[in-house]
Amino acid sequence: MMLTFALTVVRHGETHYNRDKLLQGQGIDTLLSDTGHQQAAAAGVYLKDLHFTNVFVSNLQRAIQTAEIILKNNLNSSATEMVLDPLLRERGFGVAEGRPKEDLKNMANAAGQACRDYTPPGGETLDQVKMRFKKFLKSFYQRMLDEHDSLNHCSASCSGPSEPKQPVIAGLADDGVRGIPVHALIVSHGAFIRVSVRHLVEDLQCCLPAGLKMNQVFSPCPNTGISRFIFTLRREESGPRATHIYCVFINRKDHLEDVRKPVL
């Protein structure tokens, strides 16, 4: 059996810790700032006409709030169950949580490492975050196949998988999802999303849009930045496997143009 579906990934809105450049990680469970609420509402309005058949959210408050606001503004997904999953939590930063990001840079410099590769004491390594995402993908794939079996594009008797068409990108909110009835939403965190995208591109050979540079692919995701992928899954004896993954766009922030930060 095979299934093609869309996945839209959104980072949570701004918190006071984001604004003040303080690390949150997993141990600091802060709420959205006023700007974060505006960003989440703007993302919700931008995505309002799309139908999310599945919604998966980190169980930290900033992600839950963002997802709730997005769904509140959505015209088609008010009845969709919001599944809270700790596997989607932010990277753990150990002793650096609650401290200025500058402290993390200084700790990395003292250890002779690049900041993004450095793991503070008690924190998660990038490989541990990737393993967490891989664990999520395994259950995510299975759930998508189990819940949307009736929409399979091909039975087990098919002679072979037909490669889906490259998604059309027109700069619109429904890029890549027209004609695809199954569409999942994930709301998570900046460092987690960055590791996840790297796994999709480097390990799973996700196809990228023409002209998209690698420094854009791996750039930090802004608050409520939106990324989208198209997956085709095959059900195999060893478990579900993605036969094709296309990236439609990465870290889109068109919806934030009218969000004005308050004057402090």
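Every number here is computed from the coordinates shown, using simple stated rules; none is lab data. What you are looking at is a predicted structure, and each value in this text was computed from that prediction instead of being measured. Every residue, glycine among them, receives a Cβ derived from its backbone with ideal geometry; neighbour counts consider all protein chains shown.
Residues that are free of Cβ contacts under 8 Å to residues at least 60 places away in the same chain, at least 1 per element: which strands (runs of 3 or more DSSP E) completely within region 1-118 meet that?
Of the strands (runs of 3 or more DSSP E) lying wholly inside region 1-118, those with at least 1 residues that are free of Cβ contacts under 8 Å to residues at least 60 places away in the same chain span 82-84.
Do the conditions hold for G94, that is, is it of a type outside the set (A, V, I, L, M), crowded, with 16+ Cβ neighbours inside 10 Å and on the phi > 0 side of the Ramachandran plot?
Yes.
Within region 205-220, work out how many residues are exposed (fewer than 15 other Cβ atoms within 10 Å of the Cβ), touching a residue at least 24 places away in the same chain (Cβ under 8 Å) and over 21 Å from V177 (Cα atoms).
Result for region 205-220: 3.
Any idea how many residues of region 29-66 are of a type in the set (A, V, I, L, M, F, W, C), in contact with a strand residue (DSSP E or B) (Cβ under 8 Å, 6 or more places away or on another chain) and within 27 Å of K105 (Cα to Cα)?
Residues meeting the conditions: 3.
How many of the residues making up region 221-264 are surrounded by fewer than 16 Cβ atoms within 10 Å (Cβ to Cβ) and out of contact with any strand residue (DSSP E or B) (no Cβ under 8 Å at 6 or more places or on another chain)?
Number satisfying all stated conditions: 12.
Which of the residues belonging to region 1-35 are of a type outside the set (S, T, N, Q) and under 17 Å from the mean Cα position of the chain (by Cα)?
F5, A6, L7, V9, V10, R11, H12, G13, E14, G25, listed by residue number.
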